[in-house]
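Taking it in order: structure first as structure tokens, then the write-up.
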Amino acid sequence: MPSSVRSSTDPGPWISLWIVALLSLLGQLGLCGFFSLGDKMPLSSDIDPSNLWKFGYHFPPQGTFLVLNWLGIPNLPPPLNPFSLAANLPPWFFFTAYAPVMATLALLAMAAFLRELELPRPAALYGGVIFAWQGDLLPFVFPGHYGYIATWFFFAVAAWGALRVRRTRHWAYAIISGLACGLMVGLQPDRGAIASLLVAALYVAPVLCHPREWKMTPWHYLALGGATAITCLGALLHSPVLVVGGSLLFLLALAALTNLWHLVLCAGTALLISLAPFLALFQSNIVNVKLGGEANREEIYKFITQYSLGPEETLTYLVPGFFGWHNSHASAPYWGRIGQWPGWEKNHQGMRNFNLAISTTGTVATVLALIGVLLLLPGHWFGPDRITERQRFYGRWLLALGFVTLLLSWGWHTPLYRPLFALPLMDKWRNPLKWLEMTNFALVTLSAFGVQHLLASLDFDAVDVKIIRRRLFWFMNVVLGLLGVGLLASYPFTINLAQTLQTDGYAASVTANIMSEVHWSLLVALVLMALFCLLLFNLWHPERLRGWTLDNPLLHRLWQGMLRPGHLPLTLVLGLATLSVVQLGWVAGQFIQPVEAFLLTESNPLLDELRGEGDTVRVSVAVQDSILNVMMQNQFSADHISCLEISAASRIPDDFGVFLHNFDDNRSRLWFLAGVKNVVVPQQYVSQLRQDPSVAANMDHADGYVLQPTSSPDLPSHALVTMRDYLAKATVVPLAEIIPSDDAVLIRLKDPKWNPRKTILLSSPAPKKNYGTIMNVPVPQLPDHVELKTYTPQKIEVEAHSNYGGYILINDQYDPDWQVQVNGQTAPLLRADYILRAIPIPPGSSTITLHYVAHYRLAGLNLSVVVMNTFCDASMLIAWMMAGVALWRRKAAMV
């Protein structure tokens, strides 16, 4: 092999990789505002600085009951992973450094995977850079999907382990691959599962292609069929025990059939360390939970496929920004079809669109990936290639997986998603865009294949180099020409686009910005493609560049060194990486919005008023108002303001959804039962509230506040409406009313004759009260009263007095994991008023204490979260140590 290529694949220190990784880290830290040293941090739509604590890992792991939204939300402990550890960092450090560090680790891991695929170092280096800067990673800072960001590192590690175990047959790599898959599932169950499918395919592919090695017997058929039936039955019954058991049986049968014991070891390790997150997933997102609170299966299909990639938007990979950026972008909002409610274009019902992130690899990487695709297809499209049989085999598998998942990401736009929706549990899995996880991994790998072929065009001594160059020349010029034609065609295109956008409700100024961004994105892609061609063509004739003389001696030596024959591959790759990073950095800059840190928690007179109420009363907010929505996500949490609403929830517990909808026509009763003292709305909504007789009768006063500029400085933009009467956090209720069914309870809740302070509603008789021996001592005839002494996510303490006994009603959501004591003795926790909590108390004075001790309660299981999470975390640490020691001993034996 000529020296120009051989030198790039020799073993030894890979200094260029570490230098590029450091530069990449510094660039991303700058984008995220790290160097402001605390003055700024990126704005995130889902995670705010004040809520960061609930994602942090603590030992021993224990759950909490969050009270700042809805009627309280169980918060199961996060598993041990980089996200949960980083969440314990200071907020400024986390928000500015977490994503860049994870992206840098992903760069290193992807480079290692591509090297294991036998690609030369420059090609692996380029693939690592694209993997770290792709649109599906850094722009997810804006929507706040920080768990998802960390999955990309483990994705590459898991794939690396799958390839390495196939080559070395060493079990330690299977454990590492399983550990990475388990961590991905713990970080993001749905996306982690998708990525794990690709990893499993890397194990299975070689065996499937050699069926003669199979050892098929009737027992294998029976075992595979039985395991599949058990798994599907578990999915239909929402039983994690059957799902896990059936999956393990299937893997064991498959391993016995095909000698895939390494896959069993990988999957077993993954299941072992992700068991606690898996149980939490079922409990929080699957069992007794509906997507969007919807029960109709056709509506559920629309809901889960709402976030589908429009087939035409695949162009975003080549031309980022063509369809705008995100919905909240100031100058070029997103105007594509992601987030559009199916059928919206016909009846304009539902959401027009909604997009907070982007999936793209940029112009240069996408063109290189197209070269890689043509290299893997039959026929010598670019002349003789340097692809080995192992590379061709895995490359074609990744190409097939990437293509299939791209089609799946189109969701409802094709009929292909219907069969997938029919599978068990798929009605709980939202967002076809998540299938782009595999697509992007495959694209990055294919782009590295393209770089490898470009390196072959630098081999001046090869006989076939002229053929390679000529075909690459024509391909590059065709792409360049198509982009040029696209730019010219965009001008008449935007004339029609402007009419469509205005019909869809976009303002004239927004439409003009969108049209400008269409032209600009195409121009950027065209310029980058031209620079790509210029770089490659000049390196084909480096003697022209070597003739240049730079005045600075140091720069001149550097310039001449870059153009040495042995350094040309690295020079080409660094040039391509620079072009890609410039574009992808520009893309990331559209989503990462560093803002003054104090703005996320700054106060105003409205917040000052609400803060004084504490978290023992609730406020109801008009979440459709953008300003109030942002305040609820940030300042409300910072000030511990308890709110009946939540900013966005795709999964709603059945009982809570039914409770809310029961009062669709009676907001006043809902607000009363939920303890809503204050209602915050835009000023123009106050008149609407006064038109509702039940609300108007309970309104005490409405005060105006200026949260945004209005036509007059004296004209308020928003109003704080205070209710005259509301149910306190803890109330003494003397009597109970037994209602035969939950449906009857819901009807009774709306009955104006029912007084919530006189009776609680129970759907079954309360257990017999047993408070031990009660002395026959006269109870002081004092007025019934209650005092809330302690109110935290894990403990509530109440002191109460009742002359005749009764119940303490706490208007938070019922959860059986609250353990109750009355006067030091265990007492039952009752489900009252359909969804609230009640505790029976004896006559006289009582001290009532509630402690929250979370459990996994599924399919009859009642497992302590402390035990399960500690077991899974310990298993993970032990598995890492076992794999590390085994590989260290193997390396020592080889030496």
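Observations, loosely collected:
- Computed accessible area, Met515, all protein chains, 1.4 angstrom probe, square angstrom: 50
- Residue order by solvent-accessible surface for Ile467, Ile175 is Ile467, Ile175, largest first, with ligands and nucleic acids left out and a 1.4 Å probe.
- With all protein chains modelled, accessible area of Lys40 [1.4 Å, Å²]: 80
- Length released on extending from Ile627 to Asn538, taking residue separation times 0.36 nm less the Cα-Cα span: 26.7 nm
- Distance from segment 426-465 to segment 571-641 (C-alpha centre basis), Å: 34
- Sorted on the mean count of surrounding Cβ atoms within 10 Å across their residues, most packed first, peptides 700-713, 79-92, 790-803, 176-189 read 176-189, 79-92, 790-803, 700-713.
- Cα-based Kirkwood hydrodynamic radius, the chain, one decimal, Å: 30.5
- Scaled against the 2.2 N^0.38 Å expected of a compact globular protein of N residues, the Cα radius of gyration of segment 486-560 reads 1.86.
- The residues of segment 404-504 expose, per residue, 42 Å² of accessible area to a 1.4 Å probe.
- Magnitude of the charge dipole, the chain, Cβ model with Lys/Arg +1 and Asp/Glu -1, debye to 20: 2960
- Charged neighbours of Val658, selected by a Cβ distance under 12 Å, balance to -4 (K, R count +1; D, E count -1).
- The eigenvalues of the Cα gyration tensor, multiplied by 5 and square-rooted, give segment 434-499 an equivalent ellipsoid with semi-axes of 33, 21, 6 Å from largest to smallest.
- Environment charge of Gly72, counting only residues whose C-beta is closer than 10 Å and scoring Lys/Arg +1, Asp/Glu -1: -1
- Quick note on segment 1-136: its Rg to Rh ratio, both from C-alpha atoms and Rh being the Kirkwood radius, is 1.12.
- At the residue level, Asp48 shows approximately 10 square angstrom of accessible surface with a 1.4 angstrom probe and all protein chains present.
- Mean Cβ count within 10 Å, highest first, over the residues of peptides 447-454, 842-849: 447-454, 842-849
- Calculated mean residue ellipticity at 222 nm for the chain: -16500 deg cm²/dmol, from DSSP H runs with n ≥ 4 weighted as -39500 (n - 2.57), summed, divided by the residue count and rounded to 500.
- Descending by average beta-carbon neighbour count within 10 Å, the peptides 288-301, 429-442 line up as 429-442, 288-301, the highest first.
- Whole-Å semi-axes of the ellipsoid equivalent to segment 397-469 (Cα gyration tensor, √5λ, descending): 39, 10, 8
- The charge dipole of segment 59-212, taken about its Cα centre with unit charges on the Cβ atoms of Lys, Arg (+1), Asp and Glu (-1) only, comes to about 540 debye.
- For the set Lys40/Lys290; Lys677/Lys795; Lys40/Lys729; Lys434/Lys729; Lys677/Lys750; Lys346/Lys434, the pairs lying more than 29 angstrom apart at their alpha carbons are Lys40/Lys290; Lys40/Lys729; Lys434/Lys729.
- Kirkwood estimate for segment 67-143, i.e. one over the average of 1/r between Cα atoms, Å: 14.8
- Counted by Cβ distance under 13 Å from Tyr852, the other residues give a net charge of -2, where Lys and Arg count +1 and Asp and Glu count -1.
The values are calculated or read from the model by the stated rules, or taken from the named source; none is laboratory data. Keep in mind that this is a model prediction, so the values were computed, not measured. No Cβ is skipped: glycine too gets one built from the backbone with ideal geometry, and neighbour counts run over all protein chains shown. All accessible areas refer to the heavy atoms of the entire protein, side chains included, with ligands and DNA or RNA removed. Shrake-Rupley method; radii C 1.70, N 1.55, O 1.52, S 1.80 Å.
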